[in-house]
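This report concerns only the one structure given below.
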Amino acid sequence: MTQGRLVKWLKAPGERVGLYDVLCEVSTEEIAEKEFRVGDFAGVVTLVVEAHDEGFMAAHLHAAGEQLQVGVPIAVLCEEEEQVAAAAAFKPIANVYSEPAPGWPQQPQPAILAWQAHLAKGSQTVKCMG
């Protein structure tokens, strides 16, 4: 998947976010085209984006209906409710997978977790976590 359409937001700015709460829905045709194509069927797959931490939704960076590249930040979360206004003004880099903008620090590349090791290009072994 290289891009998707932001279908709808399920958490509003200022709303409390719990661990693994669903923040929004994203749809793509790429997964359906490449992985699940049956004959002439070219369906749309809708995926959910879950929170990986607890806190508060400070801002939506993109509106529902927008087509976005993978790696584009879509929301700003903060730890405390008192931080929502300040965090809403934060402007992230354009894409976490591209080169940083001048003045921005280099963003860490996402790590492949052990249970995803088989997805690494050229990987021949899968290691257990722990």
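Overview of results
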quantity	calculated
Residues within segment 44-91 that are exposed (fewer than 13 other Cβ atoms within 10 Å of the Cβ), of a type in the set (Gly, Ala, Ser) and part of a loop (DSSP other than H, G, I, E, B), tallied	4
Selection count, segment 92-109, where residues are at pLDDT 70 or above and open to solvent by 100 Å² or more (accessible area, probe 1.4 Å)	1
Hits in segment 65-80 - residues which are out of contact with any helix residue (DSSP H, G or I) (no Cβ under 8 Å at 6 or more places or on another chain), closer than 21 Å to Tyr20 by Cβ and either among the β-branched types (Val, Ile, Thr) or touching a residue at least 40 places away in the same chain (Cβ under 8 Å) (or both)	Val70, Ile74, Ala75
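The values are calculated or read from the model by the stated rules, or taken from the named source; none is laboratory data. Here the structure is a predicted model, which means the values were calculated and not measured. Note that each Cβ is placed from the backbone with ideal geometry, even for glycine, and that neighbours are counted across all protein chains shown. When the accessible area is computed, the model is the full protein with side chains, heavy atoms only, and any ligands, DNA or RNA have been set aside. Shrake-Rupley method; radii C 1.70, N 1.55, O 1.52, S 1.80 Å.
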